[in-house]
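Report on one structure; see the data block that follows.
The values are calculated or read from the model by the stated rules, or taken from the named source; none is laboratory data. In this text the structure is predicted, and so the values were computed from the model without any measurement. So basically every Cβ, Gly included, is an ideal-geometry build from the backbone, and we count neighbours across all protein chains shown. SASA here: full protein model, heavy atoms, side chains in, ligands and nucleic acids out. Shrake-Rupley method; radii C 1.70, N 1.55, O 1.52, S 1.80 Å.
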Amino acid sequence: MKANEIKKVSCVGAGVIGYSWALYFSLKGLEVTVYDITEEALSLAKARVHESLKSLIQNNVVTESESTQIEERISYTLSMEEAVKEVQLIVESGPENYDIKRNMVKEMEEFTSPNTIIVSSTSGLLITEIAKYAKNPERFIGAHPYNPPHLIPLVEITKGEKSTDEVVETAKEFYTLIGKEPVVLQKEALGFICNRIQMALYREVCDLVMRGVCTIEDADKAVTFGPGLRWGIMGPSLVFQLGGGQYGIAGALKHMGPSANMWLEDMADFKKIPDEFAMIAQTGVNEEMKNRSSEIGNDDASLAEYRDKMLIEMLKLHGKL
């Protein structure tokens, strides 16, 4: 199958990731079927699509009439057979559990064509293990989005031991065609690329807070108004390339080396987040929210609205919206 032949997509699992994928595919003109096991889950997904579209309208990404067409391209079903039988691509967004995902794979394969590409939205599980009992494991890969998928362009493509390079390349080309920024892992790794980087940073936040160096709020401010601004423009290696002046990243790393090595020696290296940190973090976030205005998010709803607005403006600068 060629990437430009993918016209119909099924989103199996209608949660926070599944609904957002469905919205994005429809935004790009594809026909989408959303599957879940309860009417409640489907109704919630439909409501989330509608609310997200309202945000896109308010931020001048789509018009009212386009919004109606986008919603009309998405159908909802409780039947796995109906969801997957005539599609070229299936996106699985079930719970992060090997047994559950394996059962979903088994059911999907019962009703879909052997040529249909199946991708998992797993945020860190191994594709080899998810597809362990699949009849056609060669067509099964991972395509991990960043939340919310209908806005953030990144897709991390991962392959299992039996995934073919042809399927990986088709998927990469497909995601590129619909405006995503796919990256391909050259070998399997738990957590993939970005979640590992994200957790490495957050481990240091955890350690700094628990050592009394800073508060949750100040750690958030430090990232947002420091390196986060640069990372929203380019990756850390390109940042260092500019930081090294005429000597580039090699010069920057040599220059920072003596100091950076002392920082690394003093930095956190624990392998398990301390149990007590969950409540420390929650308390810190609650205090941080009190110091924010509703315009920049001082509860979960307004924070999500602010996030989406800022993401949209950044994506416009990147030419992605």
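Things worth noting here:
Let's see how each residue does on (1) over 30 Å from GLY243 (Cβ atoms); (2) modelled with pLDDT of 95 or more; (3) under 22 Å from the mean Cα position of the chain (by Cα):
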| residue | (1), (2), (3) |
| --- | --- |
| SER259 | no, yes, no |
| ALA268 | no, yes, no |
| PHE277 | yes, yes, no |
| THR283 | yes, yes, no |
| GLU287 | yes, yes, no |
| LYS290 | yes, yes, no |
| ASP300 | yes, yes, yes |
| LEU303 | yes, yes, yes |
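Residue-by-condition table, conditions (1) part of a helix (DSSP H, G or I); (2) open to solvent by 20 Å² or more (accessible area, probe 1.4 Å); (3) farther than 30 Å from MET310 by Cα; (4) out of contact with any strand residue (DSSP E or B) (no Cβ under 6 Å at 6 or more places or on another chain):
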{"site": "PRO95", "(1), (2), (3), (4)": "no, yes, no, yes"}
{"site": "ILE100", "(1), (2), (3), (4)": "yes, yes, yes, yes"}
{"site": "LYS106", "(1), (2), (3), (4)": "yes, yes, yes, yes"}
{"site": "THR128", "(1), (2), (3), (4)": "yes, yes, yes, yes"}
{"site": "TYR133", "(1), (2), (3), (4)": "no, yes, yes, yes"}
{"site": "HIS144", "(1), (2), (3), (4)": "no, no, no, no"}
{"site": "GLU156", "(1), (2), (3), (4)": "no, no, no, no"}
{"site": "LYS162", "(1), (2), (3), (4)": "no, yes, yes, yes"}
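- Taken over segment 228-249, the criterion of being open to solvent by less than 40 Å² (accessible area, probe 1.4 Å) and assigned to a helix (DSSP H, G or I) is satisfied by GLY228, VAL239, GLY248.
- Test: ILE152 is at pLDDT 95 or above, assigned to a loop (DSSP other than H, G, I, E, B) and β-branched (Val, Ile, Thr): yes
- Being open to solvent by less than 70 Å² (accessible area, probe 1.4 Å) and touching a strand residue (DSSP E or B) at 6+ places or on another chain (Cβ under 6 Å) is a property that PHE192 has.
- Among the residues of segment 171-181, those that are more than 17 Å from ILE127 (Cα to Cα) and open to solvent by less than 20 Å² (accessible area, probe 1.4 Å) comprise PHE174, TYR175, ILE178, LYS180.
- Among residues of segment 234-256 that are farther than 21 Å from LEU317 by Cα, those with a beta-carbon under 7 Å from a residue that is of a type in the set (Gly, Ala, Ser) and loosely packed, with under 15 Cβ neighbours inside 10 Å at least six positions away or on a different chain give the pairs GLN241/GLY248; GLY244/ALA250; ILE249/SER237; GLY251/GLY245.
- Residues in segment 18-40 that are in a helix (DSSP H, G or I) and more than 20 Å from the chain's Cα centre (by Cα) were compared, and the one that is nearest to THR112 (Cα to Cα) is GLU39.
- Looking only at segment 114-126, and only at residues there that are under 13 Å from the mean Cα position of the chain (by Cα) and in a loop (DSSP other than H, G, I, E, B), the one that is farthest from GLU86 (Cα to Cα): GLY124
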